[in-house]
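Undergrad: Next up is a structure, given as structure tokens.
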Amino acid sequence: MRILKYIFLLLLLSLIALSIFIATQKGDFTVERSKVINSPKPAIFNYVNDFKNWEDFGSWATEDPEIKIIYPQHTIGKGGYYSWEGKDGNGDMKTIFVKENDSISQKMNYNGTSSDVFWSFKDTIGGTKVTWRTKGKMSFLFKIYTAFNGGVEKIIGGMYEKSLANLYKTLDYEINTYSVKVDGLVKKPETFYLHQTFTSKISNVPKNFKIVAPKIITFCKKNNLVITGKPFILYHTYDQINGLAKISICVPIKNQIFTSEGSDLYSGKLEAFEAVKTTLTGDYFHRDKALDKTTQYLNANRLASDVAFSHLETYLMGKTEIKNPSKWVTEIYYPIKSNVVPVKIYKPAVIKANPILTSVPAIKTAEPIKTEPIAKPKAAAKLKQIIKTEPIIKNPTAPKKEEEQSEF
């Protein structure tokens, strides 16, 4: 019995000694991993900048089939947030700062340990160098966990290595696999829609769409408005030189309505129009390739674009329907001038024909060269003839007879 007490006391002293040793260990840590990914920098940045994509590459999520991930309404950019509950612990993450296509700063809490997370994206040979770094201070429980599992460098470093490998695999195939098909001429029907209009950087359009479109859909549901199709973006202007576009993010509705004064949502009506339709299958990042191919089609077929607006994009299938970017579908419509316009082109041709049809002025200009000079000699000749024949026509004896008769 006394031996058991000694053993128990020894274990207790060992536990206390171990606890004191762990507690006195340095709690600050910095872990960093990098990987070159064969994808464009904007595509990688936009993918990482949305927490809804993290479950596709984060090793703590991919290796835990029972993990529970909670997404709030805002998951993109500054203020974006998400949390999880898994077999290895609970955590949450929030984006603090974003520099477009360059870097992301975040704050993470994992099992009571708070850390600063930093991403950087740099162009390099072979693609984009992605660097993922975390810096923080371990809690006592996390010190114990790392002490028995090889240390913080191995635990967090291993998670980052696996996650970056997953990110490479996902982006290399999913983002770089796409196709563009020009479907040809179509006619878009009349459409009523609710919209929010503003000027945006072209690179920010996908992010703005993910924020604004759900807001309009929620408004429609609350007000019992019937949605008649997929959300779309109406590009009023598209300035590639300055990277700016004036856009309306729209949700089609059955009937036209009028919103209250002061609302940031407005109703609109899109008249029926003819367009060249192009279908992009793949990540939205390849939109410019689809636009270029559409422009080539317009030029090859001598079709004139309508200047009413630049183009229209409908997101037929996106992340809300399927996670794989390679299977997303975007329809692009370039408005063209209607068939009535070519008829108008013939009007100048008719005007050009007028000088030929109205050749009278040319004849009139010849009036001064009429045959009057020739006619005048004829008239004079006739007069001469009359003058000459007068002695013959007149009867000189007639007066004499009259005179003789008057004498009687």
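Undergrad: Contact list please: Cβ distance under 8 Å, first residue in segment 300-316 and in the same structural domain as Y333 (by TED's automatic domain parsing), second residue surrounded by 19 or more Cβ atoms within 10 Å (Cβ to Cβ) and in a loop (DSSP other than H, G, I, E, B), pairs at least six apart or on different chains.
TA: Note: pairs meeting the criteria are T314/P231; Y315/P231; Y315/W328.
Undergrad: Another one. Among the residues of segment 223-243, how many are part of a loop (DSSP other than H, G, I, E, B) and within 20 Å of T295 (Cα to Cα)? Steps first, please.
TA: Filtering segment 223-243 down to residues part of a loop (DSSP other than H, G, I, E, B) leaves 223-226, 228-231, 240-243.
Now restrict to residues that are within 20 Å of T295 (Cα to Cα): 240-243.
Residues meeting the conditions: 4.
Undergrad: Which residue out of T294, T279, T320 is modelled with pLDDT under 90 and out of contact with any Pro (no Cβ under 6 Å at 6 or more places or on another chain)?
TA: Result: T320 is the single residue among T294, T279, T320 that is modelled with pLDDT under 90 and out of contact with any Pro (no Cβ under 6 Å at 6 or more places or on another chain).
Undergrad: Also, quick follow-up: For V276, all conditions in the list (1) of a type in the set (V, I, T); (2) out of contact with any Asp or Glu (no Cβ under 9 Å at 6 or more places or on another chain); (3) closer than 22 Å to T191 by Cβ hold save one; what is the number of the exception?
TA: Among (1) of a type in the set (V, I, T); (2) out of contact with any Asp or Glu (no Cβ under 9 Å at 6 or more places or on another chain); (3) closer than 22 Å to T191 by Cβ, V276 violates only (2).
Undergrad: Under 8 Å between Cβ atoms, at least 6 apart or on separate chains: pull out the pairs that start in segment 65-81 with a residue that is loosely packed, with under 12 Cβ neighbours inside 10 Å and end on any residue that is among the hydrophobic types (A, V, I, L, M, F, W, C).
TA: K68/W84; I70/W84
Undergrad: Go through segment 171-184 residue by residue and tally those that are surrounded by 12 or more Cβ atoms within 10 Å (Cβ to Cβ) and farther than 21 Å from Y284 by Cβ.
TA: So the count comes out to 0.
Undergrad: Answer yes or no: is there a residue in segment 88-103 that is assigned by TED's automatic domain parsing to the domain that holds E32, without any contact (Cβ under 8 Å) to a residue 40 or more places away in the chain, part of a strand (DSSP E or B) and closer than 19 Å to G157 by Cβ.
TA: yes
Undergrad: Right, another one. With respect to F198, determine if the residue is assigned to a strand (DSSP E or B), exposed (fewer than 14 other Cβ atoms within 10 Å of the Cβ) and in contact (Cβ under 8 Å) with a residue 40 or more places away in the chain.
TA: Yes, satisfied.
The values are calculated or read from the model by the stated rules, or taken from the named source; none is laboratory data. Quick caveat: nothing in here was measured; it's all calculated off a predicted structure. Virtual Cβ from ideal backbone geometry, glycine too; neighbours counted across all protein chains shown.
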